[in-house]
Amino acid sequence: MASLTLTRVAKSFGANRVIHGIDLDVDDGELVVFVGPSGCGKSTLLRMIAGLESIGEGEIRIGGEVVNRLPPRARDIAMVFQDYALYPHKSVYDNIAFGLRLRKIAAPEIDRRVKEAAGILQIDHLLERFPKALSGGQRQRVAMGRAIVRHPQLFLFDEPLSNLDALLRNEMRTEIKKLHRALRATSVYVTHDQVEAMTLADKIVVLSAGRLMQLGSPADIYHRPASKFVAGFTGSPPMNFLRAQVVRPNGVSMLDLGGDRLALPVAWQAFAASLVGRDVEFGIRPEDVGAEAGGSEHSAIPAKVVVTEPLGAENLVTLQSAGGELTGRFASSMTPRPDDALTLHFDLSRMHLFDRDTGEALRP
């Protein structure tokens, strides 16, 4: 396996700049996930690494070697696509072996590698079948097997689970995680699904409009988002945002949420004093919202129930407050009805503030 380094990598289609100077280091054995909304440039960036798209500016190194001008076949990479790209007239065995035969690997070695990969992926009983006789999950395993047998320096995954139903996606996510742990293969994985990103990644690259918005571990991205965009893209449901202004009556820093006020934690008091009068976005995740029936009290705000969504183990409750609409994640025993009045309490040790104009995170 090998490391991957991107230095000021950029790409334009005519006058339209789609990748803006990306710097990235992927260490040997790491699984890095590119995540972002449709059109953010994640697949284009992956294709540039693979050699399927030319590089406008910058440099890409795989295993320390500059590969800007190398064709895909010379980069020692293996790619798994979302549409499987299997040969319908070839058996599972022959699909997995195809690339090795093109490279004129000896037949005994091909047989060893194919059976080894099939065993790892638990498809050894399917080797004589054809793609039309396989489920979507089985086809994706075959596609991964074809990549594994090549023993490449770098694995590239382009939204490999997007064609599967929810149950199969969950299963295959687990299998990919186990596979990476077994092979310790340097991998870059592209998805628009932030749940996939959070569960699979050693590091996450959050992209927006061709720009790298944040690079970090799943915990960093979730608990210390660098911007409102990153905070709103991670988590399911995503973070709540309420319009607020920082005020400081009687020397106590508070958030004014449309007339309702929250006293900020001690750790925020001094820093918030520098934000007095500033328009901000107050961010809080649904799991950090608590509620009880009744009116408001100090350091809590009143809200009215809009809708309750039962999910079995928990309920998602959409609420309307003076500062805006938000979602709370409550125990299944709490099933408020529309128009019920609740008092919302927040775990302010886990709160976030963002500049309303720039979206940049504000932290003490």
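The values are calculated or read from the model by the stated rules, or taken from the named source; none is laboratory data. Treat the numbers as computed from the prediction; the structure is a model and nothing was measured. Cβ sites come from the backbone with ideal geometry, for glycine too, and all protein chains shown count toward neighbours. Heads up: the accessible areas ignore ligands, DNA and RNA and are worked out on the full protein's heavy atoms, side chains in. Shrake-Rupley method; radii C 1.70, N 1.55, O 1.52, S 1.80 Å.
So how many residues does region 236-262 have that are among the small types (Gly, Ala, Ser), open to solvent by 20 Å² or more (accessible area, probe 1.4 Å) and more than 16 Å from ALA322 (Cα to Cα)? Steps first, answer last, please.
Applying the first criterion (among the small types (Gly, Ala, Ser)) to region 236-262 yields 236, 244, 251, 253, 258-259.
Filter again for open to solvent by 20 Å² or more (accessible area, probe 1.4 Å), leaving 236, 251, 258-259.
Filter again for more than 16 Å from ALA322 (Cα to Cα), leaving 236, 251.
Residues meeting the conditions: 2.
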Does any residue in region 218-242 that is within 22 Å of ALA303 (Cα to Cα) and part of a helix (DSSP H, G or I) come within less than 9 Å, Cβ to Cβ, of a residue that is open to solvent by 20 Å² or more (accessible area, probe 1.4 Å) and not acidic (Asp, Glu) six or more places away or on a different chain, and which pairs are these?
GLY232/PRO238; GLY232/PHE241
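Just to be sure, is ALA117 out of contact with any Phe, Trp or Tyr (no Cβ under 8 Å at 6 or more places or on another chain), crowded, with 19+ Cβ neighbours inside 10 Å and closer than 26 Å to LEU134 by Cβ? Before you say what the answer is, go through the steps one by one.
On the way: out of contact with any Phe, Trp or Tyr (no Cβ under 8 Å at 6 or more places or on another chain): yes; crowded, with 19+ Cβ neighbours inside 10 Å: yes; closer than 26 Å to LEU134 by Cβ: yes.
Spelling it out, ALA117 is indeed out of contact with any Phe, Trp or Tyr (no Cβ under 8 Å at 6 or more places or on another chain), crowded, with 19+ Cβ neighbours inside 10 Å and closer than 26 Å to LEU134 by Cβ.
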Condition set outside any loop (DSSP other than H, G, I, E, B), without any contact (Cβ under 8 Å) to a residue 40 or more places away in the chain and under 22 Å from ILE110 (Cβ atoms), scope region 50-98, selection most open to solvent (accessible area, probe 1.4 Å): answer is ARG73
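Within region 163-171, is there a residue that is at pLDDT 90 or above and open to solvent by 10 Å² or more (accessible area, probe 1.4 Å)? Give the steps one after another, and end with the answer.
Within region 163-171, the subset at pLDDT 90 or above is none.
For region 163-171, residues at pLDDT 90 or above and open to solvent by 10 Å² or more (accessible area, probe 1.4 Å): absent.
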Could you pull out the residue among ARG146, ARG101 that is without any contact (Cβ under 8 Å) to a residue 60 or more places away in the chain and either out of contact with any strand residue (DSSP E or B) (no Cβ under 6 Å at 6 or more places or on another chain) or assigned to a helix (DSSP H, G or I) (or both)?
ARG101
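For region 189-217, how many residues meet the condition of being touching a Lys or Arg at 6+ places or on another chain (Cβ under 7 Å), β-branched (Val, Ile, Thr) and not in a helix (DSSP H, G or I)?
From region 189-217, those touching a Lys or Arg at 6+ places or on another chain (Cβ under 7 Å) are 190, 196, 199-200, 207, 210, 215-217; that's our starting set.
Checking which are β-branched (Val, Ile, Thr) leaves us with 190, 199.
Of the ones still in play, those that are also not in a helix (DSSP H, G or I) are 190.
Going through region 189-217 one residue at a time, the tally reaches 1.
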Among the residues of region 117-133, which ones are outside any helix (DSSP H, G or I) and over 31 Å from the mean Cα position of the chain (by Cα)?
LEU127, GLU128, ARG129, PHE130
